[in-house]
Amino acid sequence: MAGITDLGIASIRDGFRAGDFSAREVADAFNTAVAGAKALNAFIVETPDHAIAAAEQADRDRSEGTLKPLSGVPIGMKDLFATRGVQTTAASHILEGFKPEYESTVSARLWAAGAGMLGKLNMDQFAMGSSNETSAFGNVISPWRRNDGGNAPLAPGGSSGGSSSAIAARIVPGATGTDTGGSIRQPAAFTGISGIKPTYGRCSRWGIVAFASSLDQAGPMARDVKDCAILLEAMSGFDPKDSTSLDLPVPNWETGLSGDLRGKRIGIPKEYRVDGMPGEIDALWEKGIAWVKDAGAEVVEVSLPHTKYALPAYYIIAPAEASSNLARYDGVRYGLRELPEGAGLQDMYAATRAAGFGAEVKRRILIGTYVLSAGFYDAYYTQAQKVRTLIARDFDAAWELCDLLLTPTAPSAAFALGEKSADPLAMYLNDVFTVPSSLAGLPAMSVPAGLDGQGLPLGLQVIGKALDEQGVLNAGLAIEERAGFTARPEAWW
Amino acid sequence: MSNYRIQGATGEWEVVIGLEVHAQITSNAKLFSGASTAFGSEPNTNVSLVDAAMPGMLPVPNAECVKQAVRTGLAIDAQIHRWSRFDRKNYFYADLPQGYQISQLYHPIVGEGSLTVETDEGEKVIGVERIHIEQDAGKLMHDQHPTMSYVDLNRCGVALMEIVSKPDMRSPAEAGAYMKKLRAILRYVGSCDGNMEQGSMRADVNVSVRKPGAEFGTRTETKNVNSVRFIQQVVEYEARRQVDVIEEGGTIVQETRLFDPDKGVTRSMRSKEDAHDYRYFPDPDLLPLVLTEDFVEECKASLPELPDAKRQRYVDALGITPYNADVITSDVETARWFEALLAAGAEAKAGANWLTSELFGALNRLGKDIGQSPVSPEQAAQLLGLVADGTLSGSLAKQVFEIMLETGDDPARIVEEKGLKQTSDTGAIEAAIAEILSANADKVDQYKDGKEALFGFFVGQTMKAMAGKANPKVVNELLKKALS
């Protein structure tokens, strides 16, 4: 029989309700799986007791008939979310040992819905990275391996690489992620799972360690589209503590799921056919086009003319915001404090931040500081904001012709660890297809669609209009139903 | 135009002054957090997670603070910007947990306005460039430990308005008058308590000098000056210093200075070259602030009658002298007290005279302000009523008022108990007059021979015989009759 850890969110929820197993059994099974997968380095902190406590509550609730939407379901929590009493570091040394006195809104909603926490998932430091190599706690390793017998450790994607790795390895059934320029979608594509970044403002940012406030958005990662819909419903909703939170009711996305795309027009943006993209990805994209047509959609070519400016604009705006957002890590009130002998305040700042931030974080703080400096602000920041507006207009124009967009998620399959870490620009190119929708604040998801010649997963991305998570999920479901993606990594860990 | 001039070796100089006033907005909670703004709490007791800049915390604008800024703008006839935005001003300091202050550089909530001040040369309109909202910082304490500084974050995140004047002032007196008028308006509006001692209001004083009519000179900015007197001292000192520097062949450098109130001098704090690059940019945690017409109308409707309008009404409708009207309307507490006095039935002109002479005199003597007056407006109205109906003479009223100040008793009761009631009993007065005239027959003769000044003597004698309680009007009439 398939073990409990082979089950996804919906199956666990439904099986638990049906009495097939207890929540405690589920928690125990996943706790054991987590404890046995240390080679993946997917977790910074494991919290088996949290998962067990939630499970015991779920078992009581079941006997009392007071089940909640996620009763019995344990999940992983990206270490960017503040969790009360549980170390929250954003995978940084500067926050090592920091245990918040508060719970992020998103995690609080998940616990209120009955979910339990298996642990805090590793990630790129302060969510800056596409390979998980910037974590201060060592990189996560993807459970996937190339079929060349070489066993080269592969990147799980980033920044939500602990989440993607743990889900692909079946040591968690689902997890939270956050996405600033592709940090949910690219790791999902790299590891053969699904992940959705909802419309900016759907999920409260309160209690999420900030990277780039105008772009940061939480979302779920899970094995399939339905599981994503279930988790997203629990995570979303208005929060008066976040001024950018959307004051709108949360749709019932799970109930609304349908892979029938009749009447939908799906746009294929021609600018996403970039130079040097592997033929396999192009071929997969063509398959995706055939699948959505098969599901009843009409496919149209559209143009998003400013796409090529999106990445440069993103790498100005995001570092600019980050350089300011990360100023609070100064050694004065919490986290690391480096106080050399005889040091004054400025020396303490310098020593603390030099020791507490990794190289990529420092690089982005420097870039951000530079682009906001007197004399450079207009040339960089102001210009990038104009580009951002043009990108949003590109999408608005596309929506005149179509309801959704279909693109590849990333320009390559997972690369080997170390392969791109010496070349930041090559690394940044990973975000080329995910960044434009982030700049426009649109919902977008990645679904696994096939394997490349080396046996590694590839993903397709669906981008929707603001607030049309349902349309995105439905198109994702239509692809999922036709792709028949059942590949999974063999357990070597 | 002001006639204020600095006499230099090369001739006369004119001073140009602009003020940036930081006024703490009256609100229960801070600008972006729910923490209390109470003054004088134990260090670090009014600090929320947001104020301490814990990871993942987000600012949420306090609508009350926005409303107070809009009301203030409306009170100085300023443009209210329906769309404004918060920016981050980035710098590192231990009293600034976020590493940035949330302020409004590019798009302030209030644009150009003006207020009118009284000067020795008449009324003068002083322009206001803008008002924006921003967060206050915390406070470093250097006297708590031999080698370390402590931080108190109670003030951190408290809402401030920065009210920036145009460089329209030309003398220390004008700067002082502007500050007083601005303070009066803020207190009327209720957007700031104007308490300069507690730091609720402080000014950065920009000063430059020039030959009259020449281009503006280079300015210096003296930070955090917290009284009207100090502002005037800063202007005087800086103007003199700058003239001396220039006349000795030096140049004024644009710099930030600090005022030393003990020595009455300003000192250089940092020059423009050391100035921070604040890397202002729009705060991505906050949406632009969009004001609806309804909101602005609501703010407008909630404004009280302001000092200029009130003074005009007192003069035009109540017949109060311009001087008294000015004194009474210059502070909202006084105006409120006066209106309570009128509401309790006092006649306006008599009330205004009494308030500005008797009450103010007494409060000065007692070292109290009007909010601490031992006599209530209702009691004062009773006292004035007793004068108006002839029960008390002016001098008796003064005696009764003194007793009121001491005991807090109602005037009617004092009159009753001390028997201070004025008498108009003609029989008693006539008897007293008859006695005085017969005892002073020589003076009666001199009076009748034309020495009319003696009339005052007879009045005084009669009042004395009546123990001060005779109605002076009746005494006059009866004396005239008796002497004719």
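Data for the structure
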item: Low-density loop positions, GluC sites (Glu not before Pro), the range A:53-142 - DSSP coil, at most 12 other Cβ in 10 Å; result: A:Glu101
item: Accessible area expressed per residue, the range A:351-442, with surrounding protein chains retained (probe 1.4 Å, Å²); result: 38 Å²
item: Dipole of chain A, positive direction: furthest Cα of A:Leu390, A:Leu261, A:Ser63, with charges on the beta-carbon; result: A:Leu390
item: Backbone N under 20 Å from the A:Leu67 label point (7 Å along Cα→Cβ), restricted to the range A:95-125; result: A:110-117
item: Inter-probe distance in nm under a simple model that places probes 7 Å from Cα toward Cβ, at B:Thr251 and B:Lys443; result: 8.1 nm
item: Cα long-axis angle, helix B:307-316 against chain B (0 to 90 degrees, to the nearest 10); result: 30 degrees
item: Full-extension gain in nm, B:His142 to B:Lys223, via 0.36 nm per residue minus C-alpha separation; result: 27.2 nm
item: Cα-Cα separations in the range A:4-260 greater than 22 Å, expressed as whole percent; result: 49 percent
item: Leading residue at positive end of dipole, the range B:6-297 (Cβ point charges), from B:Ser114, B:Leu258, B:Asn46; result: B:Asn46
item: Rough spin-label spacing in nm, given labels placed 7 Å along Cα→Cβ, for B:Lys481 and A:Asp347; result: 9.8 nm
item: Cα-centre dipole for the range B:305-418 with unit charges at Cβ (Lys and Arg positive, Asp and Glu negative), debye to 20; result: 200 debye
item: Relative compactness, the protein assembly as shown, computed as alpha-carbon Rg over 2.2 N^0.38 Å; result: 1.28
item: Sparse-neighbour loop sites [trypsin sites (Lys or Arg not before Pro); the range B:293-398; at most 13 other C-beta within 10 Å; DSSP]; result: B:Lys368
item: Descending semi-axes in Å of the range B:422-466, equivalent ellipsoid built from Cα gyration tensor; result: 20, 11, 8
item: Against the rule of thumb 2.2 N^0.38 Å, how large the Cα Rg of the range B:325-484 comes out; result: 1.26
item: Surrounding net charge for A:Gly476, when Lys and Arg each add one and Asp and Glu each subtract one, Cβ distance under 14 Å; result: -3
item: Average partner coverage of B:93-102, which counts Cβ from other chains inside 10 Å; result: 4
item: Shielding by partners, peptide B:279-289 (average Cβ within 10 angstrom, other chains); result: 6
item: Efficiency of FRET between B:Glu42 and B:Ala467 - r from beta-carbon atoms, R0 56 angstrom, step 0.05; result: 0.40
item: Computed accessible area, B:Tyr278, all protein chains, 1.4 angstrom probe, square angstrom; result: 50 Å²
item: Cα radius of gyration and Dmax for the range A:11-157 (Å); result: 16.6, 53
item: B versus A: buried accessible surface, summed, Å² (probe 1.4 Å, to nearest 100); result: 2800 Å²
item: Net length gained if the chain between B:Ala434 and B:Glu339 were fully extended (0.36 nm per residue, minus Cα distance); result: 29.6 nm
item: The range B:1-98: GluC sites (Glu not before Pro) in DSSP loop, at most 14 other beta carbons within 10 Å; result: none
item: Nearest-0.05 FRET efficiency for B:Tyr91 and A:Arg265, computed from C-beta distance (R0 41 Å); result: 0.20
item: Virtual spin-label span in nm between A:Asn147 and B:Glu118, 7 Å along Cα→Cβ; result: 9.4 nm
item: Under the Karplus curve 6.51 cos²θ - 1.76 cosθ + 1.60, θ = phi - 60°, whole-Hz ³J(HN,Hα) for the range A:7-14, x wherever Gly or Pro sits; result: 8, x, 4, 5, 5, 5, 4, 6
item: Nonlocal amide H pairs with B:Met269, under 5 Å, H built at 1.01 Å; result: B:Thr256, B:Arg257, B:Leu258
item: Extension gain, B:Val125 back to B:Arg313 (0.36 nm per residue minus Cα-Cα distance, nm); result: 65.7 nm
item: Partner chain coverage, peptide A:327-336 - average Cβ within 10 angstrom; result: 6
item: Share of pairwise Cα separations in the range B:6-297, more than 30 Å, in percent; result: 34 percent
item: Heavy-atom accessible surface of chain A: percent carbon and sulfur, 1.4 Å; result: 52 percent
item: Residue-count net charge about A:Pro156 - beta-carbon cut-off 11 Å; Lys, Arg +1, Asp, Glu -1; result: -2
item: Other-chain or far-sequence residues with amide H under 5 Å of B:Lys211's (modelled H); result: B:Glu14
item: Over the range B:305-418: Kirkwood hydrodynamic radius from C-alpha pairwise inverse distances, Å; result: 14.2 Å
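The values are calculated or read from the model by the stated rules, or taken from the named source; none is laboratory data. In this text the structure is predicted, and so the values were computed from the model without any measurement. Counting neighbours? That spans all protein chains shown, and the Cβs are built from the backbone with ideal geometry, glycine included. Remember, those area values only see protein heavy atoms, side chains included, never the ligands or the DNA or RNA. Shrake-Rupley method; radii C 1.70, N 1.55, O 1.52, S 1.80 Å.
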